[in-house]
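Accompanying notes for the structure given below.
What follows draws every value from the coordinates through simple rules; no lab data is involved. On a predicted model such as this, the values are computed, not experimentally measured, just so you know. Heads up, the Cβs are rebuilt from the backbone with ideal geometry, glycines too, and the neighbour counts pull from every protein chain shown.
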2 protein chains.
Amino acid sequence: MTQPQRLSWKDVRDEIQTAILSGRYGPGARLPRDADIADHMNCARATVQRAMQDLSDSGLVERRRKGGTRVRPEPVTRATLDIPITRREVEQKGGRYGHQLIRRQERDAPRRVMASFELTAAQPMLRVEALHLSDGRPYILEDRWISLETCPEIRDLDFSEQSANEWLVLNKPYGRCDLRFYAISADSQVAALLQTAKGTALFVIERTTWIETAPITTVKAITAPGYQLLTRS
Amino acid sequence: MTQPQRLSWKDVRDEIQTAILSGRYGPGARLPRDADIADHMNCARATVQRAMQDLSDSGLVERRRKGGTRVRPEPVTRATLDIPITRREVEQKGGRYGHQLIRRQERDAPRRVMASFELTAAQPMLRVEALHLSDGRPYILEDRWISLETCPEIRDLDFSEQSANEWLVLNKPYGRCDLRFYAISADSQVAALLQTAKGTALFVIERTTWIETAPITTVKAITAPGYQLLTRS
DNA sequence: TAGTGGTCTAGACCACCGG
DNA sequence: CGGTGGTCTAGACCACTAT
């Protein structure tokens, strides 16, 4: 026997994955139930369960009670992104971090912001515009709205020492986070702040967070020219 | 007793998460070992393990044998993206899908492509430029390179029925996938193909895939104006 | 309502790695 | 080398949902 006596869940996963990718189970096909696979592979059901959990996480199969395990009908590319605090991002790239507060005002959320939060009624909010710097050069321009109902203590901060980005990430854990990526053309105001030409194509990251259903913050982060976002290594 | 006798791993996870977020364990702090937590919460160690696995996946803690479990020193926003086959994406939005082959040629990979694949030696490749359409309007412009060493059978396809995107996703499962997002300004050629004005800001998705260490394909997908990428719901 | 995945338990051994 | 997380087992019961 060249086979080890004990199968690891990764062995089970790889065997199932190979079976699927080889075409033995096409899109939408139903796999045997866990117990049968366990039996056939001579391992415990929990081991198959662990393997299936991994395949399910990676998007290759879908599992339902009573419905069984099926090969996902439409394959997708699934990727994971890590977006660090901007200060850390700059420092990790070897830059010296700085930030400037550009504007700060209290006012009710406009419709665009209400829509991001999926709110139906207006809410008092703090709007903070700030510029993150790397080695003194513009790095990211933030236009942020913070719910004063959810974060009343934010009124007492002036964001001169610590950016709103950093304070919120460290002090306001969120339960839900929506991200949105797209490109915009710099208008004259944005261009001036990012020290680039009007019309330059800029990559934008919008992030909205909630705790339970209460809105925390929504931020439009306009990155400086040349910025790229990569998937987690 | 209002407490249920049995704790689910989600209960355990939530309790640990709350303890961390409340500041009881700061960044870098070491948590008790699984066995002690299990003891303290009156559940099996495997239940704590399951909870910790989730916290580790979500990026809140880091676990090491012998080193124990520690709160991740630098918090990150971790998100998952699903990128479907372009045809499916168009159809799911209610559009009618179409695609046009623009150019197809065999040649060695240029340096830019070799760099994407982390190759040191040039390799014969098939370059395919194609336009994906939604209701007859430009949707995504693809500039794709496919390794002929890894995918020799691609020579026999003409991509009139099925796009290279779809054929590859269905027939060439990858082991590794790198993604890169950024913005570009449309040059006159791109602008013409996407039927927009020169200088328009466009969102770009670059994707490179390998099987083991063998390159499969790298594609620069230039999206039409207004395109947005969202995190998985 | 019956079949299937989801989870919990208690115990055991292993693999990694910090001191 | 010893402490810690990683995994496997065998069995049991629960929860969801397709039929």
Length gained, B:Gln189-B:Asp135, 0.36 nm per residue minus C-alpha separation, equals 17.3 nm
Over chain A, the sum of -39500 (n - 2.57) across DSSP H runs of at least four, divided by residue number and rounded to 500 deg cm²/dmol, gives at 222 nm -7500 deg cm²/dmol
Across B:79-89, the residue-averaged tally of Cβ atoms belonging to other chains within 10 Å stands at 5
Shape descriptor, chain A: equivalent ellipsoid semi-axes (Cα gyration tensor, sqrt 5λ, whole Å, largest first) stand at 46, 21, 17
Here FRET efficiency (C-beta to C-beta, A:Glu106 to B:Asp156, R₀ 51 Å, nearest 0.05) is 0.20
Under the rule rounded for a/c under 1.5, else prolate if a/b exceeds b/c, else oblate, using alpha carbon gyration tensor axes a ≥ b ≥ c, region B:9-71 is classed as rounded
Scattering profile of region B:86-223 from the Debye formula, Cα beads only, expressed as log10 I(q)/I(0) at q = 0.16, 0.22 Å⁻¹, is -0.86, -1.48
Here the averaged projected area of region A:1-111, based on the convex hull of its alpha-carbon atoms and given in nm², is 14.4
Sparse-neighbourhood loop hits (trypsin sites (Lys or Arg not before Pro), region B:171-219; DSSP loop; Cβ within 10 Å at most 16 others) -> B:Lys198
Contact order relative to length for chain B, counting C-alpha pairs under 8 Å separated by 6 or more residues, stands in percent at 15
Within the set B:Val204, B:Val169, B:Val71, GNM on chain B using Cα springs under 10 Å gives the largest fluctuation to B:Val71
Of B:Thr223, B:Thr209, B:Thr47, the most mobile residue in a GNM of chain B (C-alpha springs, cutoff 10 Å) is B:Thr47
Ranked on Cβ counts within 10 Å of their own Cβ, fewest leading, B:Ile154, A:Ile83 go A:Ile83, B:Ile154
Expected integer from the mean partner chain Cβ neighbour count at 10 Å over A:198-211 is 3
The aspartates and glutamates whose Cα lies under 14 Å from the Cα of B:Lys198, excluding any fewer than 8 residues away in the same chain, are B:Asp187
Expected max-MSF residue from B:Ile140, B:Ile16, B:Ile211 in the GNM of chain B (alpha carbon, under 10 Å) is B:Ile16
Reduced to Cα centres, the span from region B:62-76 to region A:79-131 in Å works out to 27
Taking region B:61-107, the whole-percent share of alpha-carbon pairs separated by over 12 angstrom is 78
Using alpha-carbon positions, the gyration tensor of the protein assembly as shown gives root eigenvalues a ≥ b ≥ c; with a/c under 1.5 called rounded, otherwise prolate if a/b exceeds b/c, else oblate, the class is oblate
Plugging the Cβ-Cβ distance of B:Asp14 and B:Thr120 into 1/(1 + (r/R0)^6) at R0 = 45 Å yields, to the nearest 0.05, a FRET efficiency of 0.40
Dividing the alpha-carbon radius of gyration of region A:63-146 by 2.2 N^0.38 Å, where N counts its residues, gives 1.72
Exposure-ranked with fewest Cβ neighbours within 10 Å first, B:Val190, A:Val48 stand as B:Val190, A:Val48
